[in-house]
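Report on one structure; see the data block that follows.
The values are calculated or read from the model by the stated rules, or taken from the named source; none is laboratory data. Please read these numbers as outputs of a predicted model, since none were measured by experiment. Every residue, glycine as well, gets a Cβ built from its backbone with ideal geometry; the counts of neighbours run over all protein chains shown.
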Amino acid sequence: MQMLTKDFSAEEMACACKCDAKMAPAFMEKLQALRDAYGKPIRISSAARCPDHNKAVGGSVVSRHIADIDKDSDAADIRCIDSGERFAIVKLAIDLGFKGIGIDKTFVHIDTRPIYKLWLY
């Protein structure tokens, strides 16, 4: 199994359609720092998506999840089981400099966009 970091495999970060969509290395370093700070496993529900898969799941046409020939993905959705876990992930993401943070009842979206944006789904 190919590992992108010590805790995240290429397989778990890959597009669900099994294409060649890739994750940005700088994003993966920050994600690993988040995992290290959290101190427990982080479950990824969605990471890299090719444009076709992103469209199929109803993602935004400007989604940070999209990876194509010109850009690697710099976003991931982290499954959360309760509000305490969501709060902890959001706080750590802010502390570590993730600038895009979206909060849902079952996951937290994080990305490394250049400007700060916080939203609720």
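Answer with yes or no whether residue 36 is out of contact with any helix residue (DSSP H, G or I) (no Cβ under 7 Å at 6 or more places or on another chain), of a type in the set (D, E, K, R), surrounded by fewer than 19 Cβ atoms within 10 Å (Cβ to Cβ) and over 22 Å from residue 6 (Cβ atoms).
The answer is no for residue 36.
Looking at the range 1-27, I want the residues that are in a strand (DSSP E or B) and have a partner that is loosely packed, with under 14 Cβ neighbours inside 10 Å and of a type in the set (Gly, Ala, Ser) with Cβ atoms under 6 Å, at least 6 apart or on another chain. Which pairs are those?
If the second residue must be loosely packed, with under 14 Cβ neighbours inside 10 Å and of a type in the set (Gly, Ala, Ser), the pairs left are 3/9.
Restricted to the range 53-101, and to residues that are touching a Cys at 6+ places or on another chain (Cβ under 7 Å) and in a helix (DSSP H, G or I), which residue is surrounded by the most Cβ atoms within 10 Å (Cβ to Cβ)?
89
Return a yes/no flag: does the range 109-117 have any residue that is of a type in the set (S, T, N, Q), surrounded by 20 or more Cβ atoms within 10 Å (Cβ to Cβ) and under 14 Å from the mean Cα position of the chain (by Cα).
There is no residue in the range 109-117 that is of a type in the set (S, T, N, Q), surrounded by 20 or more Cβ atoms within 10 Å (Cβ to Cβ) and under 14 Å from the mean Cα position of the chain (by Cα).
Counting only residues that are within 15 Å of the chain's Cα centre (by Cα) and farther than 18 Å from residue 40 by Cα, how many does the range 95-108 have?
Initial filter on the range 95-108 (within 15 Å of the chain's Cα centre (by Cα)): 96-104, 106-108.
Adding the requirement that they be farther than 18 Å from residue 40 by Cα leaves 97-104.
Count: 8.
Please pick out the residue among 52, 70, 111 that is within 18 Å of residue 23 (Cβ to Cβ), free of Cβ contacts under 8 Å to residues at least 24 places away in the same chain and out of contact with any Ser or Thr (no Cβ under 6 Å at 6 or more places or on another chain).
Just a single option satisfies the conditions, and that option is 70.
Return a yes/no flag: does the range 52-72 have any residue that is within 17 Å of residue 3 (Cα to Cα) and either touching a strand residue (DSSP E or B) at 6+ places or on another chain (Cβ under 7 Å) or of a type in the set (Gly, Ala, Ser) (or both).
yes
Kindly evaluate residue 120 against the criterion of being modelled with pLDDT of 95 or more and farther than 21 Å from residue 29 by Cα.
For residue 120, the condition - modelled with pLDDT of 95 or more and farther than 21 Å from residue 29 by Cα - is met.
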